[in-house]
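Asker: Before we start, here is the structure in question, set down as structure tokens.
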Amino acid sequence: MGALHRGHLSLVSRARAECDKVVVSVFVNPLQFNDPRDYRRYPRNFEADAAMLADSGCDMAFTGTLAGFFPGSRGDVRRIPWREPSRAARGLEGQYRPGHFRGVATIVARLFELTRPSKAYFGAKDFQQTLVVSDLARELGFPEIVVCDTDREPSGLARSSRNALLSAAEKKEARAIYAALLASRRAWRQGEREPAALSARMLRVLERSDLAVEYAQVRDPERWSAQAPRRKLQRAVALIAARSGAVRLIDNLRLDGAGGKPKDARDPFA
């Protein structure tokens, strides 16, 4: 959605290595914001984004407006042909951000229809979104969805456009999110398979911070459920949403070793 950083550019680099042409969509999608204040303060700098993309080997930056994407709507959300997301939209982000994934599915479907890509690259940081988009691509019959590893700062903080809104103190506090994820993964490697116990490991770390935690839960990444599983897991992804000051941050980590090694950040349990 803009305010591009090194994590976004890593997607461009991956696409550049695998495709003949690379197009990047830069659009702060109003349909996926359930909080108008969050939409207004979301960082935007299209000129800087376009310059970064040109330097990274991107062939075209693709942007637009609601009226442009949906000509018959004249920008009125009541006249837009909404697309309902899959079951992967239930729970967690779907619960805390009502309507978010409906907005994602609607605009991504339109983006795919307009650009007709063979592949589309998404970052693993927005894990639940990757499930929703993958289901959408299956419904449409295209494109191939490529999920790329989360790019992290040396502290472990997942790179995000929202990080630009954090003060130095808030950014330091936000490091507890990755520390909590690592605590859960260490428990997994020690043999823990109970979802509640894995979540408790995360909460112990987060409770020592000043973060306002919305959720710190575990899911089976291949059998998504709105509620936390009650049985022992064979596969697991830990997911956290928390606020550092006024900034909402999300992150996740595969506990079973699938999905690749996190980039950049030091992992004491590796």
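Asker: Is it fair to say Arg102 is of a type outside the set (A, V, I, L, M) and over 17 Å from the mean Cα position of the chain (by Cα)? It would help to see each step written out before you state the result.
Answerer: On the way: of a type outside the set (A, V, I, L, M): yes; over 17 Å from the mean Cα position of the chain (by Cα): no.
Here the answer is no, as Arg102 does not meet what is asked.
Asker: Run Leu182 past the list (1) under 16 Å from Arg254 (Cα atoms); (2) touching a Leu at 6+ places or on another chain (Cβ under 9 Å); (3) surrounded by fewer than 22 Cβ atoms within 10 Å (Cβ to Cβ) and report the number of the one that doesn't hold.
Answerer: Here Leu182 meets the rest and fails (3).
Asker: For residues that are in a loop (DSSP other than H, G, I, E, B) and hydrophobic (A, V, I, L, M, F, W, C), scanning just the stretch 191-233, find the one that is surrounded by the most Cβ atoms within 10 Å (Cβ to Cβ).
Answerer: Leu211
Asker: Let me ask something additional. Is there any pair with a first residue in the stretch 143-162 that is touching a residue at least 12 places away in the same chain (Cβ under 8 Å) and assigned to a loop (DSSP other than H, G, I, E, B) and a second that is crowded, with 18+ Cβ neighbours inside 10 Å and among the polar types (S, T, N, Q) whose Cβ atoms are under 9 Å apart and which are 6 or more apart or on different chains, and what are they?
Answerer: Within 9 Å, the pairs are Asp149/Ser10; Thr150/Asn252; Glu153/Asn163; Leu157/Asn163; Arg159/Ser10; Arg159/Thr150.
Asker: Please pick out the residue among Arg248, Arg243, Arg266 that is basic (Lys, Arg), modelled with pLDDT under 95 and closer than 21 Å to Asn163 by Cβ.
Answerer: Arg266
Asker: Here's something else I'd like to know. Can you go through Ala197, Ala176 and tell me which one is among the hydrophobic types (A, V, I, L, M, F, W, C) and touching a residue at least 24 places away in the same chain (Cβ under 8 Å)?
Answerer: Only one candidate qualifies: Ala176.
Asker: Identify all residues within the stretch 105-133 that are under 24 Å from Tyr215 (Cβ atoms) and more than 13 Å from the chain's Cα centre (by Cα); write none if there are none.
Answerer: Across the stretch 105-133, the qualifying residues are Ala105, Val108.
Asker: Now, a different point. Are any residues in the stretch 211-237 among the acidic types (Asp, Glu) and under 17 Å from Asp251 (Cα atoms), and if so, which ones?
Answerer: Within the stretch 211-237, Glu214, Asp220 qualify.
Asker: Do we find a residue being of a type in the set (Asp, Glu) and either in a helix (DSSP H, G or I) or not assigned by TED's automatic domain parsing to the domain that holds Gln128 (or both) anywhere in the stretch 35-43?
Answerer: yes
The values are calculated or read from the model by the stated rules, or taken from the named source; none is laboratory data. If you're wondering where the values come from, they're calculated on a predicted model, not measured in any experiment. Don't worry about glycine lacking a Cβ; one is built from the backbone with ideal geometry, like all the others, and counts go over all protein chains shown.
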